[in-house]
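I have placed the structure first, in the form of C-alpha cells, so that the comments after it can refer back to it.
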Amino acid sequence: MEDIFTSRIFKVVRKFVVGRSGAKLARDVIVHPGAVVILPLLDDGQVVLLRQFRVSVEERLIELPAGTLEPPELPYETARRELLEETGYTAGSLVEASHFYSSPGILRETMHLFVAKDLIAGPTNLEDGEDIEVFTVPLEKAVDMVYSGEIKDSKTIIGVLWYWNSLRNKT
C-alpha cells in the first residue's frame with residue numbers, strides 16, 4: 001500500500017490486488033474517518049431537514065444533518081455535535097439505528113445513522129463556509145420527496161426510508 005494524497009479530512013491510498021489472471025492490479029481507495037447522519041424528529045412528527053449548497057455537485061441539496069467524525073470523537077458525540085451545530089437542536093434521545101458504507105467501490109467511510117427525538121430548539125453554530133437553511137416537513141412528505149427525486153442525497157434517502165420502513169414494520 002502506498003499513500004497518494006493526504007488532506008485535512010481524508011487520504012487516498014493505492015492498494016494492490018491479484019486479478020484472476022494473476023496480474024497485480026492497483027486500486028485507489030479514499031480513506032475517511034467515518035461520518036454520522038441524524039434523522040431529527042419533532043414531537044409532532046415533522047422531520048428536520050437542511051437545504052445545503054454542495055460545491056462538489058454545484059447544487060443546493062435537501063439533506064439530513066450530518067458530519068465527519070473527528071477522532072478520537074465517537075459517533076454518538078459527533079451526532080450530538082453536528083445536530084446542534086447545523087440545526088440548533090439538542091436531542092433528549094439520540095439512538096444509533098444503523099450503519100452503512102456510503103460508496104464502498106472507492107471510499108472507506110462508514111456512515112452511522114442516528115435517530116434524534118425529544119428535541120429542544122436553540123441557535124445554530126454553522127462553520128465558516130456552511131450555507132445551510134433549516135426547515136421541517138412531515139415524515140410522509142419527506143418520503144414523497146425521496147420518491148419524486150427532490151431528495152437526491154443518498155444518506156438522506158437511506159435515513160428517511162430506513163425510519164419509514166421501521167415504523168411500518170412495527171405495526
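Quick notes
- Comparison of Gly149, Gly92, Gly88 shows that the only residue that is surrounded by fewer than 18 Cβ atoms within 10 Å (Cβ to Cβ) and more than 16 Å from Pro40 (Cβ to Cβ) is Gly149.
- Annotation: of all residues in the stretch 110-125 being aliphatic (A, V, I, L, M) and surrounded by 12 or more Cβ atoms within 10 Å (Cβ to Cβ), the one that is farthest from Val55 (Cα to Cα) is Leu119.
- Of all residues making up the stretch 88-123, the number that are more than 30 Å from Lys11 (Cβ to Cβ) and either polar (S, T, N, Q) or in contact with a Gly (Cβ under 8 Å, 6 or more places away or on another chain) (or both): 11
- All of Asn169, Asn125 fail the test of being farther than 19 Å from Ala66 by Cβ and not aliphatic (A, V, I, L, M), apart from Asn169.
- Answer from Thr124, Thr136 - the residue that is out of contact with any strand residue (DSSP E or B) (no Cβ under 6 Å at 6 or more places or on another chain), over 30 Å from Arg27 (Cβ atoms) and either part of a strand (DSSP E or B) or free of Cβ contacts under 8 Å to residues at least 60 places away in the same chain (or both): Thr124
- Which listed residue, of Pro33, Pro40, is more than 12 Å from Arg108 (Cα to Cα) and within 16 Å of the chain's Cα centre (by Cα): Pro40
- Pair list, Cβ < 7 Å and 6+ apart or interchain, from the stretch 63-91 residues that are in contact (Cβ under 8 Å) with a residue 60 or more places away in the chain and assigned by TED's automatic domain parsing to the domain that holds Leu119 to residues that are polar (S, T, N, Q) and outside any helix (DSSP H, G or I): Glu63/Gln52
- Positions within the stretch 91-121 being of a type in the set (Asp, Glu), under 15 Å from the mean Cα position of the chain (by Cα) and assigned to a strand (DSSP E or B), in sequence order: Glu96
The values are calculated or read from the model by the stated rules, or taken from the named source; none is laboratory data. What you see is a predicted model; the values in this text were computed from it and never measured. Using ideal geometry, Cβ is built from the backbone for each residue, glycine included, and neighbour counts are taken over all protein chains shown.
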